1. Looking at Glu57, Glu31, Glu51 in this structure, which one is under 15 Å from the mean Cα position of the chain (by Cα) and not aromatic (Phe, Trp, Tyr)?
2. If Glu65 meets every condition in (1) surrounded by 13 or more Cβ atoms within 10 Å (Cβ to Cβ); (2) touching a helix residue (DSSP H, G or I) at 6+ places or on another chain (Cβ under 6 Å); (3) not small (Gly, Ala, Ser) apart from one, which number is that one?
Amino acid sequence: MANDHAKDRYDPPAIGSEFDEDKFSEINPGEIFRFNPYNDSKTYRKTSDTEIYDIKEKTYIVLTENQTVYVKS
């Protein structure tokens, strides 16, 4: 019996994530990051040790240093 690729339902798990989990205090100023490890999440730029810039909304937000963030590798 031949293997029919159109009916093959096996979807292997992903090998890894393209995002690295970091703490906000560990990334460098100017680094682009997200709060969730998904491509459709909002992106932010670190501007200082306590402030970030929302790229889409064009606003500044104050953030704590121990916040978990995700950086695309």
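1. Working: Glu57 fails: under 15 Å from the mean Cα position of the chain (by Cα); Glu51 fails: under 15 Å from the mean Cα position of the chain (by Cα).
Answer to the check: Glu31.
2. Answer for Glu65: the failing condition is (1).
The rows are residues; the columns are (1) at pLDDT below 95; (2) not hydrophobic (A, V, I, L, M, F, W, C).
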| residue | (1), (2) |
| --- | --- |
| Ala14 | yes, no |
| Ser25 | yes, yes |
| Gly30 | no, yes |
| Lys46 | no, yes |
| Thr59 | no, yes |
| Glu65 | yes, yes |
| Lys72 | yes, yes |
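The values are calculated or read from the model by the stated rules, or taken from the named source; none is laboratory data. Treat the numbers as computed from the prediction; the structure is a model and nothing was measured. Positions of Cβ are generated from backbone atoms using ideal geometry, with glycine treated the same way; all protein chains shown enter the neighbour counts.
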